[in-house]
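The values are calculated or read from the model by the stated rules, or taken from the named source; none is laboratory data. Please read all numbers here as calculations on a predicted model, not as lab measurements. Cβ placement follows ideal geometry from the backbone for every residue including glycine, while neighbour counts extend to all protein chains displayed. Only protein heavy atoms, including side chains, enter the accessible area calculation; ligands, DNA and RNA are left aside. Shrake-Rupley method; radii C 1.70, N 1.55, O 1.52, S 1.80 Å.
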Amino acid sequence: MKLRKVTAAAATALVLSLTATACGGDGDSDSADTGSGSGGGDKITIGVKIDQPGIGQKTADGTYEGFDIDVATYVAKELGYEAGDIEWKEAKSADRETMLDRGDVDFIAASYSITDERDQKVDFAGPYLLAHQDLLIRADDNITKGEDLNGKKLCSVTGSTSAQNVKDEIAPQAQLQEYGGYSECLTGLENKVVDALTTDDSILAGYAAQEQFKGKFKLAGLKLSNENYGIGVKEGSDLKAKINTALEKMVEDGSWEESVKKNFGPANYKYEPAPKIGQIVE
Amino acid sequence: MFDFLEGYDLLGAFWVTVQLTVYSAIGSLIWGTLLAAMRVSPVPLMRGFGTAYVNVVRNIPLTVIIIFTSLGLYQTLSITLGAEDITTINFRLAVLGLIAYTSAFVCEAVRSGINTVPVGQAEAARAIGLSFTQVLGLIVLPQAFRSVVGPLANVLIALTKNTTVAAAIGVAEAAYLMKEMIENEAELLLISAVFAFGFVCLTLPTGLILGWVSKKVAVKR
């Protein structure tokens, strides 16, 4: 009997102490969440790609670089956040709408093309870059128009709009190899098993500019589609207007041009001039 | 609410899933049984090979195996499995990878079935002059299979779901179409729910039917 009482007491004490610690933990994370989630605190959370060289990439030492990162940093600064106050978060293509909807991030700059379907779910600031679907080919190869692709072997990422464009419109006779990521395609391109890699030219330029591929690949420059990159914000958010102002300023003071040159320059990428805010090229 | 489904060949995609499952199931049942036979065979070399195969292959993630069939076998070693166009090559490579992976689990299920057959039966069979192949084929395996229908049903259900990995090398099955739809429609939750429901439709009957069969044919000892 005595033993049971002692055990019960010990158990109660244990449970109490556990609850106490749990509460403490909860409180901490709560305050952190409100700080980053609402944007009203001293931190801002931005969704970016972490695996697209030139656009948004997390480097080995944990820093982020790329054109989207530069744009996001500039916009954040205009909104009143220093570079150190930014919390980066990976925004996978499929998760972007959900992340904004749930308020996981304040805005998303992750090679996010403005389309009608997406526009119904979220709001877009921008566009801040006009990209085109293009081909990355071996430096000694030549493909001058879309129809040349019929009968060739093409590589892209599973389910991507670029892959669908090829199948449906550009070259239905082309053989399409699809992988989970672009890096698998590069192996095939190097081994001459596939003839071209297709996606947005901005992304391709980033890959071609990588140290290990310099001089091996080039962009075909076909302009197969128009992709208007916008910054996604939650539907109805007042951030949209502020981000637009920031983007306009970035183009005006020359930081936009400088960043494009820095990130895409080495691949000989002929980029479009900065788009006007709200002007979407169909 | 479901108008986003228009223009997509949902049934076609699930049909590819079914085809992948059926071909891989047949292949891995054959190869898995052979492996199990090796593991109980009197030849040390075959026993060693069987053990090594099962322990290596079942510990490699399926994604790695599938990607290897494409990047390693096809792109580097130019093995096309007798097909001409990329779609067929990828389909066959995916089946090959799924067979290689699943047969390790089939082997272990069958071997556990073999263990349920009393040793006396094999000894009696040998005593009347049957060879190893005859003992296994006529006496042991028929009883072993009857006791492992349940575990094999689990392997089959796992295989059905594992076919989604084939999307990694561009086989146009259900998971592939799901990625495409999510990219276009921005309806993550609804689309996932539709595909989850599709897989439940495929696997639930398998489980129920084979569960019933398993009860029906089990050897009562």
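Let me confirm something: among B:I209, B:I139, which residue is at pLDDT 95 or above and more than 14 Å from chain A (Cβ to nearest Cβ)? Unique residue meeting the criteria: B:I209.
Say we look at region B:81-93 and pick out the residues that are under 15 Å from A:L176 (Cα atoms) and modelled with pLDDT of 85 or more; which of these is most open to solvent (accessible area, probe 1.4 Å)? Per the criteria, the residue is B:T87. Is it the case that some residue within region A:201-208 is in a loop (DSSP other than H, G, I, E, B) and among the hydrophobic types (A, V, I, L, M, F, W, C)? No, region A:201-208 contains no residue that is in a loop (DSSP other than H, G, I, E, B) and among the hydrophobic types (A, V, I, L, M, F, W, C). Taken together, A:K262, A:K223, A:K240, A:K249 contain a single residue that is modelled with pLDDT of 85 or more, part of a loop (DSSP other than H, G, I, E, B) and open to solvent by 60 Å² or more (accessible area, probe 1.4 Å), which is A:K223. Counting the residues of region B:90-121 that are in contact with a Gly (Cβ under 6 Å, 6 or more places away or on another chain) and either within 16 Å of B:I79 (Cβ to Cβ) or among the small types (G, A, S) (or both) gives 3. Does B:A36 count as touching a residue at least 12 places away in the same chain (Cβ under 8 Å), hydrophobic (A, V, I, L, M, F, W, C) and either out of contact with any helix residue (DSSP H, G or I) (no Cβ under 8 Å at 6 or more places or on another chain) or within 28 Å of B:S131 (Cβ to Cβ) (or both)? It is true that B:A36 is touching a residue at least 12 places away in the same chain (Cβ under 8 Å), hydrophobic (A, V, I, L, M, F, W, C) and either out of contact with any helix residue (DSSP H, G or I) (no Cβ under 8 Å at 6 or more places or on another chain) or within 28 Å of B:S131 (Cβ to Cβ) (or both). When B:T164 is tested against (1) polar (S, T, N, Q); (2) over 18 Å from B:Y101 (Cβ atoms); (3) within 14 Å of chain A (Cβ to nearest Cβ), exactly one condition is not met: (2).
The residues in region A:101-115 that are within 13 Å of chain B (Cβ to nearest Cβ), closer than 17 Å to A:L130 by Cβ and of a type outside the set (S, T, Y) can be counted, and the count is 1. Find all pairs meeting these conditions: Cβ atoms under 9 angstrom apart; at least six residues apart or on different chains; first residue within region B:147-166 and basic (K, R); second residue part of a helix (DSSP H, G or I). Matching pairs, first to second residue: B:K161/B:F199; B:K161/B:L202; B:K161/B:T203.
Only residues that are buried (at least 24 other Cβ atoms within 10 Å of the Cβ) and either assigned to a loop (DSSP other than H, G, I, E, B) or not acidic (D, E) (or both) were counted across region A:54-75, and they come to 9.
Only residues that are away from chain B (no Cβ under 11 Å) and crowded, with 20+ Cβ neighbours inside 10 Å were counted across region A:142-161, and they come to 1.
Residues in region B:183-221 that are within 20 Å of the chain's Cα centre (by Cα) and open to solvent by less than 40 Å² (accessible area, probe 1.4 Å): B:G198, B:F199, B:T203, B:T206, B:G207, B:G211, B:S214.
The residue that is surrounded by the fewest Cβ atoms within 10 Å (Cβ to Cβ), counting only those in region B:7-18 that are in contact (Cβ under 8 Å) with a residue 60 or more places away in the chain and under 17 Å from B:V95 (Cβ atoms), is B:V18.
Consider region B:46-82 and keep the residues that are within 12 Å of another protein chain (Cβ to nearest Cβ) and aromatic (F, W, Y). The one that is nearest to B:E108 (Cα to Cα) is B:F68.
Please go through region A:162-173 and give me each residue that is within 11 Å of another protein chain (Cβ to nearest Cβ) and either touching a Ser or Thr at 6+ places or on another chain (Cβ under 7 Å) or over 20 Å from B:N184 (Cβ atoms) (or both), ordered by number. Matches in region A:162-173: A:S162, A:A163, A:Q173. In region A:77-85, the count of residues that are open to solvent by less than 20 Å² (accessible area, probe 1.4 Å) and either at negative phi or modelled with pLDDT of 90 or more (or both) is zero.
Looking only at residues of region A:174-214 that are acidic (D, E), in contact with a strand residue (DSSP E or B) (Cβ under 8 Å, 6 or more places away or on another chain) and more than 10 Å from chain B (Cβ to nearest Cβ), we find that the one that is surrounded by the fewest Cβ atoms within 10 Å (Cβ to Cβ) is A:D195. Evaluate region B:145-152: report whether one residue or more is away from chain A (no Cβ under 14 Å), of a type outside the set (A, V, I, L, M), open to solvent by less than 20 Å² (accessible area, probe 1.4 Å) and touching a Lys or Arg at 6+ places or on another chain (Cβ under 9 Å). Looking through region B:145-152, none of the residues is away from chain A (no Cβ under 14 Å), of a type outside the set (A, V, I, L, M), open to solvent by less than 20 Å² (accessible area, probe 1.4 Å) and touching a Lys or Arg at 6+ places or on another chain (Cβ under 9 Å).
Considering B:A36, B:A13, B:A104, B:A83, the condition of being out of contact with any strand residue (DSSP E or B) (no Cβ under 9 Å at 6 or more places or on another chain) and not in a helix (DSSP H, G or I) is satisfied by B:A83 alone.
When the criteria are applied in full, A:Q164 meets the requirement of being in contact with a helix residue (DSSP H, G or I) (Cβ under 9 Å, 6 or more places away or on another chain), without any contact (Cβ under 8 Å) to a residue 60 or more places away in the chain and surrounded by fewer than 17 Cβ atoms within 10 Å (Cβ to Cβ).
For region A:265-282, filtering for residues that are open to solvent by 80 Å² or more (accessible area, probe 1.4 Å) and either touching a Cys at 6+ places or on another chain (Cβ under 7 Å) or on the phi > 0 side of the Ramachandran plot (or both) leaves 1. Yes or no: region B:104-111 includes at least one residue that is within 30 Å of A:Q175 (Cβ to Cβ), out of contact with any Ser or Thr (no Cβ under 7 Å at 6 or more places or on another chain) and crowded, with 20+ Cβ neighbours inside 10 Å. No: region B:104-111 contains no residue that is within 30 Å of A:Q175 (Cβ to Cβ), out of contact with any Ser or Thr (no Cβ under 7 Å at 6 or more places or on another chain) and crowded, with 20+ Cβ neighbours inside 10 Å. Filtered by the rule that a residue be of a type in the set (G, A, S) and in contact (Cβ under 8 Å) with a residue 12 or more places away in the chain, region B:58-80 gives a lone residue, B:S70. Just one of the listed residues (B:F132, B:F68) is over 17 Å from B:G32 (Cα atoms) and touching a Pro at 6+ places or on another chain (Cβ under 7 Å), namely B:F132.
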